[in-house]
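Working notes, beginning with the structure itself.
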Amino acid sequence: MLRLTPVAVFGTVLAFGLAASALAAPFSPFQQHNPRSGVHRSGNVFNRFVCDAPVQAFVAHCDAHIITDAAGNWLERAVSRHVTPSGYSPAQLRSAYGITGSGSSSITVAVVDAYGYSAAEADLAVYRSQFGLPACTTANGCFKKVNQNGVQGSYPRDNTGWAQETALDLDMVSAMCPNCKILLVEATSATFGNLATAENRAAAMGAHVISNSYGGGESGSQSYESAYNHPGVAITVSSGDSGYGVQFPASSPHVTAVGGTSLYLSGGRTETAWSGAGSGCSAVYGKPAWQSDPLCTKRMVADVSAVADPATGVAVYGPASRRKSAWLVFGGTSVAAPVIAGIYGVNGGAVNYGAEPYAHTGALNDVTQGSNGSCGGTYFCTSGPGYDGPTGLGTPNGASAF
């Protein structure tokens, strides 16, 4: 079992031009009740959501945070071949989670997101080239982009925030499973209905894994839950980024709900629960047979976790505006979900919904410190030995738990 202790704030990201943050008065690591618009702060790192909160029921938001300055301006950086982008690299992520395999071209990992991303293939090529990953293109059969009807063409209109989310997802899948094929399915919009259509499309097109980095209110979501029930397909879903609380589709009993951690690699690897990660007991969905925690009689979120804290963010190449792309740093459980999806791809074995990690707890790092809110000190929002809501069973230690 890994013993985890807090350490200093992520130095690489701080070097990304955040000196102004040191002048601000300290406050809690993540402002749980802040609106999704505006600037947040995690440790000494400023960040903001890339997708606004939905203004109506049954519309999802994505769960990505982008690192910014104190005014909320995105920090972008030109990178030469002599300079490494800020944020964790594929090599750092793979080392942190003990991933030695690279996957196989026989395995397809699908990414489902809303709206269009015209530069998806071109931006992915920059990321993979920068870090020495094999090319993944339409021409060599590794990359495929379709709309929610499975058509290569007639894509939805571009949306910068959701395109940033998609860039993050594509890059994290690439980082963890560089030899896997990637299928990008673009939903027409962020409605639960369109995302469900895209989810079903990904499964119908042969995905072994489907990554989903979005969510919304679970009340009334039952009409869409069947889209996340595909036997034999590993479906990962981010648990949310507003602290203690449950969102759908993470609360579906047929997915692997992925919580978030703060991952520190400077001076030795340590990991704690990220205060922004979603967790809790579903009010809607029944408990899957593979869960046995004592206090929640329904579906408990999360199952596992991975890095999500913006203060320990990851390098991504993606849209800085509608007209240009750049190197950026991202956090959120939108990082964690595709990281776990990529690891499912590396394993490539049979899956039974989210049951596999529960049968292989010895291949997970138990995260025992940190909290994401107030829940009377219970495991619903407080990390401790064994299972807890914010980090689930823990983080990957190799691919055998997936």
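The values are calculated or read from the model by the stated rules, or taken from the named source; none is laboratory data. Please read all numbers here as calculations on a predicted model, not as lab measurements. Counting neighbours? That spans all protein chains shown, and the Cβs are built from the backbone with ideal geometry, glycine included.
Just one of (1) hydrophobic (A, V, I, L, M, F, W, C); (2) part of a loop (DSSP other than H, G, I, E, B); (3) surrounded by fewer than 20 Cβ atoms within 10 Å (Cβ to Cβ) fails for ALA326. It is (2). Looking only at region 46-61, residues that are under 18 Å from ASP309 (Cβ atoms) and under 17 Å from the mean Cα position of the chain (by Cα) come to 4 in all. If you go through region 333-351 and keep only what is in contact (Cβ under 8 Å) with a residue 60 or more places away in the chain, on the phi < 0 side of the Ramachandran plot and part of a loop (DSSP other than H, G, I, E, B), you end up with ALA350, VAL351. When restricted to residues that are of a type in the set (A, V, I, L, M, F, W, C), within 22 Å of the chain's Cα centre (by Cα) and more than 15 Å from ALA250 (Cα to Cα), region 273-305 contains 2.
Table: residues versus (1) out of contact with any strand residue (DSSP E or B) (no Cβ under 8 Å at 6 or more places or on another chain); (2) of a type in the set (A, V, I, L, M).
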{"residue": "LEU265", "(1), (2)": "no, yes"}
{"residue": "GLY268", "(1), (2)": "yes, no"}
{"residue": "LEU295", "(1), (2)": "no, yes"}
{"residue": "SER305", "(1), (2)": "no, no"}
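Here is a yes/no grid of residues against (1) surrounded by 24 or more Cβ atoms within 10 Å (Cβ to Cβ); (2) on the phi > 0 side of the Ramachandran plot; (3) in contact with a strand residue (DSSP E or B) (Cβ under 7 Å, 6 or more places away or on another chain); (4) not β-branched (Val, Ile, Thr):
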position	(1), (2), (3), (4)
GLY150	no, yes, no, yes
ASP158	no, no, yes, yes
ALA163	yes, no, yes, yes
ALA167	yes, no, yes, yes
MET205	no, no, yes, yes
GLY220	no, yes, no, yes
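The residue of region 107-144 that is surrounded by the fewest Cβ atoms within 10 Å (Cβ to Cβ), among those that are farther than 30 Å from SER189 by Cβ and in contact with a Lys or Arg (Cβ under 8 Å, 6 or more places away or on another chain), is ALA135. The helices (runs of 4 or more DSSP H) found entirely in region 75-188 that carry 2 or more residues being of a type in the set (A, V, I, L, M, F, W, C), more than 26 Å from ALA60 (Cβ to Cβ) and at pLDDT 95 or above are 90-96, 120-130.
Per the conditions (1) farther than 18 Å from SER238 by Cβ; (2) touching a Pro at 6+ places or on another chain (Cβ under 9 Å); (3) surrounded by 21 or more Cβ atoms within 10 Å (Cβ to Cβ); (4) not β-branched (Val, Ile, Thr), the sole criterion not satisfied by ASP171 is (1).
A single entry from TYR344, TYR379 fulfils the requirement of being over 20 Å from the mean Cα position of the chain (by Cα) and of a type outside the set (Lys, Arg): TYR379.
For region 355-363, the criterion of being outside any helix (DSSP H, G or I) and either at pLDDT below 95 or touching a Leu at 6+ places or on another chain (Cβ under 6 Å) (or both) is met by none of the residues. Looking across region 230-241, the residues that are touching a residue at least 40 places away in the same chain (Cβ under 8 Å) and surrounded by fewer than 24 Cβ atoms within 10 Å (Cβ to Cβ) come down to PRO231, GLY232, VAL233.
With the condition kept exactly as written, say whether any residue in region 301-310 is at pLDDT 95 or above, assigned to a loop (DSSP other than H, G, I, E, B), in contact with a helix residue (DSSP H, G or I) (Cβ under 8 Å, 6 or more places away or on another chain) and closer than 19 Å to GLY342 by Cβ. Yes, region 301-310 contains a residue that is at pLDDT 95 or above, assigned to a loop (DSSP other than H, G, I, E, B), in contact with a helix residue (DSSP H, G or I) (Cβ under 8 Å, 6 or more places away or on another chain) and closer than 19 Å to GLY342 by Cβ. Restricting GLY331, GLY342, GLY318, GLY280 to residues that are touching a His at 6+ places or on another chain (Cβ under 7 Å) and among the small types (Gly, Ala, Ser) narrows the list to GLY331.
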